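Novice: This structure is in structure tokens; I'll ask about it shortly.
The values are calculated or read from the model by the stated rules, or taken from the named source; none is laboratory data. Model, not experiment: these values are computed from the prediction. FYI the Cβ positions are ideal-geometry reconstructions off the backbone, even for glycines, and counts take in every protein chain you see.
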Amino acid sequence: MKALGGGGSFIDMGCHCMDLLEFVFNSRIKEIFCMTDTLVHRYSVEDTAVALAKFENGAIGIIDSCFSIPDNSSKNVLEIYGSRGSVVAYGTIGQSPDGEATAYLETEPKGYDAQQARQLISTSKKIEATPYNTYRAQIESFSSSVLENREVFNSGVDGARNQALVLAAYKSAKTKKAQKVLLK
């Protein structure tokens, strides 16, 4: 219900993906275009959303969030592509403390090859990380900030920024036009 939660899948899950991409790219989203719909469920809010985000550093990202995919079929994939390779992660965007990520890196920047002669890249490397419950990490981080009298990792300003991003995405979905993000 929109009156209680503010929206559907995008405010529930897409907002975290925007945070993650801003963190990974070390750049703020400056403009967003979003499409939403209710395709499967009889919700009063969207069960499906896709957003295209333009970052201040020039990167472009795609964020999708769906309540319309069965949990077992959703693979929670994060894909990052650039001129020197890619990182592909499965099962790392979500509540469980598992998943895997692999980096496929080139030794130098390479452009697009019209022949698309893809080869197995021998420079792939599994990214090792210790599995950890994200909810526990949040509570421990906040508790440490209080006990040690230091800044929290994610502040109220960060939360307000994220809500400005969500509101810009929803406005875009309503107007069918890209929206500039006003809050830095």
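Novice: Please work out if ALA3 is out of contact with any strand residue (DSSP E or B) (no Cβ under 9 Å at 6 or more places or on another chain) and small (Gly, Ala, Ser).
Specialist: For ALA3, the condition - out of contact with any strand residue (DSSP E or B) (no Cβ under 9 Å at 6 or more places or on another chain) and small (Gly, Ala, Ser) - is met.
Novice: Follow-up question, since we're still on this one. Looking only at region 14-30, count how many residues are in contact with a helix residue (DSSP H, G or I) (Cβ under 8 Å, 6 or more places away or on another chain) and of a type outside the set (A, V, I, L, M, F, W, C). Spell out the reasoning first.
Specialist: Step one: of region 14-30, the residues in contact with a helix residue (DSSP H, G or I) (Cβ under 8 Å, 6 or more places away or on another chain) are 14-15, 18-19, 28-29.
Among the residues that remain, those that are also of a type outside the set (A, V, I, L, M, F, W, C) are: 14, 19, 28.
So the count comes out to 3.
Novice: Does region 149-159 contain any residue that is at pLDDT 95 or above and not charged (D, E, K, R)?
Specialist: Yes: one or more hits.
Novice: List every residue pair whose Cβ atoms sit under 8 Å apart, with the two residues 6 or more apart in sequence or on different chains, where the first one lies in region 108-127 and is over 16 Å from VAL87 (Cα atoms) and the second, anywhere, is among the small types (Gly, Ala, Ser) and at pLDDT 75 or above.
Specialist: GLY111/SER83
Novice: Another one. Evaluate region 111-125: report whether one residue or more is modelled with pLDDT of 85 or more, part of a helix (DSSP H, G or I) and not aromatic (Phe, Trp, Tyr).
Specialist: Here is the first cut: in region 111-125, the ones modelled with pLDDT of 85 or more are 124-125.
Subset that is part of a helix (DSSP H, G or I): none.
No, that holds for no residue.
Novice: GLN95 passes all but one of (1) exposed (fewer than 12 other Cβ atoms within 10 Å of the Cβ); (2) touching a Cys at 6+ places or on another chain (Cβ under 6 Å); which number fails?
Specialist: (2)
Novice: Among the numbered criteria (1) buried (at least 19 other Cβ atoms within 10 Å of the Cβ); (2) within 19 Å of LYS180 (Cβ to Cβ); (3) free of Cβ contacts under 8 Å to residues at least 60 places away in the same chain, which single criterion is violated by GLY58?
Specialist: The failed condition is (1).
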